[in-house]
Number of protein chains: 4
Amino acid sequence: MRVAVLGATGMVGRTFVRLLAGHPWFRVEKLVASERSAGRKYGELVDDSPEEFRDVEVTSLPEFLRDPDVDIVFNALPASISREVEGELAQSLPVFTNARSHRYDPDVPILVPEVNLEHLELIEVQRERRGWEGFIVTNPNCSTAILTVSLAALRGFGIREVKVATMQAISGAGYSGLSALAIQDNVIPSIPGEEWKIENESRKILGELDGVEVKPAEFRISAMATRVPVLHGHTEAVFVKLEEGSLEEVREAFESFDPLGELGLPSYERPLVYSDVPQPRLHRDRGRGLTVTVGRLEGSSGSFKYVVTGHNLVRGAAGGSVLNAELAYKLGYLK
Amino acid sequence: MRVAVLGATGMVGRTFVRLLAGHPWFRVEKLVASERSAGRKYGELVDDSPEEFRDVEVTSLPEFLRDPDVDIVFNALPASISREVEGELAQSLPVFTNARSHRYDPDVPILVPEVNLEHLELIEVQRERRGWEGFIVTNPNCSTAILTVSLAALRGFGIREVKVATMQAISGAGYSGLSALAIQDNVIPSIPGEEWKIENESRKILGELDGVEVKPAEFRISAMATRVPVLHGHTEAVFVKLEEGSLEEVREAFESFDPLGELGLPSYERPLVYSDVPQPRLHRDRGRGLTVTVGRLEGSSGSFKYVVTGHNLVRGAAGGSVLNAELAYKLGYLK
Amino acid sequence: MRVAVLGATGMVGRTFVRLLAGHPWFRVEKLVASERSAGRKYGELVDDSPEEFRDVEVTSLPEFLRDPDVDIVFNALPASISREVEGELAQSLPVFTNARSHRYDPDVPILVPEVNLEHLELIEVQRERRGWEGFIVTNPNCSTAILTVSLAALRGFGIREVKVATMQAISGAGYSGLSALAIQDNVIPSIPGEEWKIENESRKILGELDGVEVKPAEFRISAMATRVPVLHGHTEAVFVKLEEGSLEEVREAFESFDPLGELGLPSYERPLVYSDVPQPRLHRDRGRGLTVTVGRLEGSSGSFKYVVTGHNLVRGAAGGSVLNAELAYKLGYLK
Amino acid sequence: MRVAVLGATGMVGRTFVRLLAGHPWFRVEKLVASERSAGRKYGELVDDSPEEFRDVEVTSLPEFLRDPDVDIVFNALPASISREVEGELAQSLPVFTNARSHRYDPDVPILVPEVNLEHLELIEVQRERRGWEGFIVTNPNCSTAILTVSLAALRGFGIREVKVATMQAISGAGYSGLSALAIQDNVIPSIPGEEWKIENESRKILGELDGVEVKPAEFRISAMATRVPVLHGHTEAVFVKLEEGSLEEVREAFESFDPLGELGLPSYERPLVYSDVPQPRLHRDRGRGLTVTVGRLEGSSGSFKYVVTGHNLVRGAAGGSVLNAELAYKLGYLK
């Protein structure tokens, strides 16, 4: 299937391009960026472009919108312009997006294949309600993606409460999002909007599909988001209350979590690995960035704590949407 | 009063020396260190020695123990040798210590003047039980000191539960405690023993003196300790459940917390300042390192979150013990 | 004397304000910044404002230019607007500036008091040629300031060639000048314009005043400038060829360099201290940021190498201009 | 051929093991380390062990020395014990070593295949003089390896003088070699022994084989070595004087340098690539760590400056020795 990547020169866009290089099902045909980049070769704009895209001429967004002529769109544009662009494209095309613009629409899924693949059915709701031939499927906010993979393993025990403190990497703020003078030798406990996203997206993702919309999961959740001087890889300290489950059972649930192992998605990697001391620099590239690492599990009587770390640009962004598209393809939503 | 600093060349020992330089009540007479350093000038061993101690000859520990001849001892020796050394010295001398060796003895206070000054009465218990003329007063573990200052402001609301994730600075591990290759571009969520200390020391400090020992406070507490690439200043994300109190009342409690303002202790600084976004590099030196900065307070209905940051070597170690000694002097325990 | 600081909210501007707080000769009366900041209190804009300026209302540049009403101007505006602003102000006022705009005018001195105080005489040339009542005195580029202090100590041996590789701190790029993602775990050997400035400014500074202009010193000089992940403090590896001088003599020249010790300038600190291993984090604040630290001197037969480190915002910017103004005051150029 | 790696658990040893995994000519049979590690599985000791070595039991050095039973030895042991161990092994086996112990013996080559492959002939001299059946071939010090690759490209222009300032990565100091508190937010211009090695090894490597020993190249060279907060990748600012050559010719010499392209060594990668702004984090993994990146070339009239960066553990250590062994194999020195 022929693919376009929108916002192909940003941090998330580059990750899309890198992950789609040599993909067995999807072939990137258009690299779309701002007018400033249009007409230039991708390899001139992006230092570490995969060889096969080095000479591809970048298309401007307006030009692309006039005649998309692809089968799938991956969107890494900023939220500020995504709502309109996605709405327009979804009239005829499937859109897999990292932007938050449509995440909170009741008929748009925030999808993490290992967690809530049944939410894909919202595609039908979208098409009916909005009269679209295409659709929009979003991946969650980066911290949320990493958190929900770990929470999904615990769902069977009845999640009642989550307190999570995040230690997020610099690359989550975009290439120029964070001044070196601000973050070096420092922790900045303020990431605007992040805590709201973690709290609300995770309950939607872990919620139940109720016909035409998702009923959010009912656990209480409170997040404190901080930025730390790490290049890639968000780390999260999680305190969780469960209705039942011993330490051994919870540990076993983490270690055996592998819900889609049989499905044969090309990018699929074991979503969760248990290690004694998860660390972003050592573990962010596990499973080509799609595996999150859980560890430091302790607790009893339904009250536990653990640490989870994962790659914010892969599991937390582009990699999530690529998995989403693979799942949709496998389940027949792309023809 | 004539003072000795034990372990004067380590990270905490240097901080003692720096804080005691020019002190109006205490005059450092002996700088005690290992045999390896003995006989050398302090300024040769410690780059940033205060001018007045640059030419002081370092005393070896065995030599000091043979004839202490001072009025007060500040101890920054490692825990491994402190238990014995402190026990011997306390027979005749007041010992203010950063070592954990005696912290969990029922008749030894873990003192934070702004939080539990009444625990000083344990000195009498010690003297009676152990037949000492001196005594031992400990300061808490670094993360605990910073946390308890913030919790003390909330005590009036009835603390029921605390979840705390720490982001601790490199200097907390001692000068050579952490390899650059381990921590650069990384978070290490593992600090052996730290979580136990935070959980147990904070309940003892906030507990009630019950005649001859402290009854620990009854709130539940769970800590996850991580190391981050910051030089000095521990940052903590705190989730707290209170029996009562609105957001405004809690904020007001933080802003007005100043329990010892009238006492006239020379090192005393406002123990807590509220700022929107507390950050270790910007705020660790507030109040010469004795002020902790609280911020990011949010919540309602008895469930709140906030961030606190403070200097681990000052508020969390040497500065705490200097305040303890000043308090003891003021209250007549040193003669 | 009443002083205005232009560009008072930037990195260099803040340093001016901090250094001028409590100054015995100069009293800051106006803090000038962009229209965006005008009307707000300085303490709201600048976290670490000295107490005495916290409530000062910031003046906009256009408003200031309409009626300066001060005795001295310190300029920390960007070069892009400085040329015009400085030219206008110098018609009636002494301007001490960190901007490069006028540095290369033949009748404008690049002044480092310990190195070329006699270049101050160019003030008369300016006044005559340009019909000004005021004048412009510039301080050098940050790397150049640090380098020339060390070279000045060697002038007596006849400098023939200088090769210098700089390792410059992040704060030299301004508050938002450098993305954390660019510099973390990296060295960036590219600082546009920097090498030209080092090569040309140092020869002008060490040159000889020849009546109405400076004849540049004749040594060959080549610089390679790199950015490293250090907050403050530029470090420079210097290879120098001298016409004469033994290792001992060169060392002695460094150790005894103190040309203005007798002059009584309030901010004056020993400009150069010799240490075995100069390091930016340990030594940048020496002499309140005005002392550069030299070390690692080796060599023979006129061919030497050494390292020099100094504070880029103090010795390399604001501190240099404050010293310049003190010198001008002392020598009677300000009335 | 059957291979042993000595010191397999250290930084350089791990790099040997990673580079030899799946090698077409060499098969690692023994992983040798200290007695402390002996008997344990390699995967337990080394987090990021290649899959194929995870279950290999580590051999102790004494046990290995009793009965080596391999065809080739790669040595990553510390210098302190290498001299004796290498001497013993070379009686019967070819030893390719990263240790400096034998580098300065007249009959032992410091080999960089792209620079001085003819020095391999010293193997015959060794065998004759020492009565060995095996031999010792060393790779240079890390900074020297990176520097000499770039200098080799310039040899044709007649090198007269080299001044080099290095900015070396943390991993060059070994896993625990550098305290985080020492290097964070700092530059440390002191690496004991490094400058002597750079100055002497580079002249030996670029020297001429004169029958039974190497006549060092005659250019003057002076090095200043500094440590910077970078994980991997040494960066060097080089000032070089040449007898002839224009800027264009020198640039062309860098861009076309590829001396062994035809030889078919399995690990061979283009040794040198020219980029505008070489940077360790972006370029250290080029050519799987064997390619050095040169850039920022400027100059004229025989006086030039440039920057070179390369991976200290690969090009500067293990990768160099693997290339050396491949060359020796290809040229028939291993049977």
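The values are calculated or read from the model by the stated rules, or taken from the named source; none is laboratory data. Treat the numbers as computed from the prediction; the structure is a model and nothing was measured. Every residue, glycine as well, gets a Cβ built from its backbone with ideal geometry; the counts of neighbours run over all protein chains shown. Remember, those area values only see protein heavy atoms, side chains included, never the ligands or the DNA or RNA. Shrake-Rupley method; radii C 1.70, N 1.55, O 1.52, S 1.80 Å.
The residue list A:Ile110, A:Ile123 contains one member that is under 24 Å from A:Pro216 (Cα atoms) and in contact with a Ser or Thr (Cβ under 6 Å, 6 or more places away or on another chain), which is A:Ile110. A search for C-beta distances below 7 Å between a residue of region D:68-89 that is at pLDDT below 95 and any residue that is part of a helix (DSSP H, G or I) and not hydrophobic (A, V, I, L, M, F, W, C), counting only pairs 6+ apart in sequence or on different chains, returns nothing. Applying the criterion of being of a type in the set (A, V, I, L, M, F, W, C) and within 14 Å of another protein chain (Cβ to nearest Cβ) to the residues of region A:9-29, the residue that is surrounded by the most Cβ atoms within 10 Å (Cβ to Cβ) is A:Val12.
When B:Ser190 is tested against (1) more than 11 Å from chain A (Cβ to nearest Cβ); (2) open to solvent by 10 Å² or more (accessible area, probe 1.4 Å); (3) of a type in the set (Ser, Thr, Tyr), exactly one condition is not met: (1). Just so you know, in region B:193-211 the residues that are small (Gly, Ala, Ser) and open to solvent by 20 Å² or more (accessible area, probe 1.4 Å) include one that is nearest to the chain's Cα centre (by Cα), and it is B:Gly193. Scanning region B:303-324 for residues that are in contact with a strand residue (DSSP E or B) (Cβ under 8 Å, 6 or more places away or on another chain), among the small types (Gly, Ala, Ser) and farther than 14 Å from B:Leu151 by Cα yields B:Gly316, B:Ala318, B:Ser321. The single condition among (1) farther than 19 Å from B:Leu313 by Cα; (2) within 12 Å of chain A (Cβ to nearest Cβ); (3) not polar (S, T, N, Q) that B:Glu195 does not satisfy is (1). If you filter region A:139-157 down to residues that are among the polar types (S, T, N, Q) and within 14 Å of chain B (Cβ to nearest Cβ), you find that the one that is farthest from the chain's Cα centre (by Cα) is A:Ser150. Condition check for C:Ser82 on (1) part of a helix (DSSP H, G or I); (2) surrounded by 16 or more Cβ atoms within 10 Å (Cβ to Cβ); (3) out of contact with any Ser or Thr (no Cβ under 6 Å at 6 or more places or on another chain): one failure, at (3).
Considering region B:64-79, the residues that are within 22 Å of the chain's Cα centre (by Cα) and within 17 Å of B:Gly13 (Cα to Cα) include one that is most open to solvent (accessible area, probe 1.4 Å), namely B:Pro78. Can you say whether C:Ser190 is touching a residue at least 24 places away in the same chain (Cβ under 8 Å) and more than 30 Å from A:Val12 (Cα to Cα), as far as the supplied structure shows? Here the answer is no, as C:Ser190 does not meet what is asked.
Residues that are open to solvent by 20 Å² or more (accessible area, probe 1.4 Å) and within 14 Å of chain C (Cβ to nearest Cβ) within region B:45-63 comprise B:Asp47, B:Asp48, B:Glu51, listed in sequence order. For region A:214-241, a residue qualifies if it is over 20 Å from A:Pro278 (Cβ atoms), touching a residue at least 60 places away in the same chain (Cβ under 8 Å) and more than 9 Å from every other protein chain (Cβ to nearest Cβ), and the qualifying residues are A:Val214, A:Phe219, A:Ile221, A:Lys241.
Among the candidates C:Ser256, C:Ser300, C:Ser246, C:Ser321, which residue alone is closer than 30 Å to C:Glu218 by Cβ and modelled with pLDDT under 95?
From the options C:Ser256, C:Ser300, C:Ser246, C:Ser321, the qualifying one is C:Ser300.
Scanning region B:100-138 for residues being among the acidic types (Asp, Glu), open to solvent by 60 Å² or more (accessible area, probe 1.4 Å) and not in a helix (DSSP H, G or I) gives a total of 1.
Can you tell me which residue within region D:178-187, out of those that are out of contact with any strand residue (DSSP E or B) (no Cβ under 8 Å at 6 or more places or on another chain) and facing chain C (nearest Cβ under 9 Å), is nearest to D:Ala225 (Cα to Cα)? In this case the residue turns out to be D:Asn186. In the set B:Lys241, B:Lys330, only one residue is open to solvent by 10 Å² or more (accessible area, probe 1.4 Å) and either closer than 22 Å to B:Met1 by Cα or of a type in the set (A, V, I, L, M) (or both); that residue is B:Lys330. Keeping to region B:30-40, report how many residues are surrounded by fewer than 16 Cβ atoms within 10 Å (Cβ to Cβ) and either part of a strand (DSSP E or B) or free of Cβ contacts under 8 Å to residues at least 12 places away in the same chain (or both). The number of residues fulfilling the criteria is 1.
Any residue that is without any contact (Cβ under 8 Å) to a residue 40 or more places away in the chain and not small (Gly, Ala, Ser) - is there at least one of those in region B:293-313? Scanning region B:293-313 turns up at least one residue that is without any contact (Cβ under 8 Å) to a residue 40 or more places away in the chain and not small (Gly, Ala, Ser). I'm trying to understand the selection: among the residues of region D:263-293, which are more than 22 Å from D:Gly22 (Cα to Cα), surrounded by fewer than 21 Cβ atoms within 10 Å (Cβ to Cβ) and not hydroxyl-bearing (Ser, Thr, Tyr)? If the condition is that a residue be more than 22 Å from D:Gly22 (Cα to Cα), surrounded by fewer than 21 Cβ atoms within 10 Å (Cβ to Cβ) and not hydroxyl-bearing (Ser, Thr, Tyr), then D:Val273, D:Asp276, D:Val277, D:Leu282 are the ones that fit. Quickly run through region A:290-322 and pick out the residues that are away from chain B (no Cβ under 11 Å) and in a loop (DSSP other than H, G, I, E, B). Of everything in region A:290-322, those that are away from chain B (no Cβ under 11 Å) and in a loop (DSSP other than H, G, I, E, B) turn out to be A:Leu290, A:Thr291, A:Gly302, A:His311, A:Asn312, A:Leu313. Residues in region D:163-177 that are more than 7 Å from every other protein chain (Cβ to nearest Cβ) and buried (at least 24 other Cβ atoms within 10 Å of the Cβ): D:Val164, D:Thr166, D:Gln168, D:Ala169, D:Gly172. Does C:Arg160 fit the bill of being farther than 24 Å from C:Gly10 by Cα, at the interface with chain D (Cβ under 10 Å from one of its Cβ atoms), open to solvent by 10 Å² or more (accessible area, probe 1.4 Å) and in contact (Cβ under 8 Å) with a residue 60 or more places away in the chain? For C:Arg160, the condition - farther than 24 Å from C:Gly10 by Cα, at the interface with chain D (Cβ under 10 Å from one of its Cβ atoms), open to solvent by 10 Å² or more (accessible area, probe 1.4 Å) and in contact (Cβ under 8 Å) with a residue 60 or more places away in the chain - is not met.
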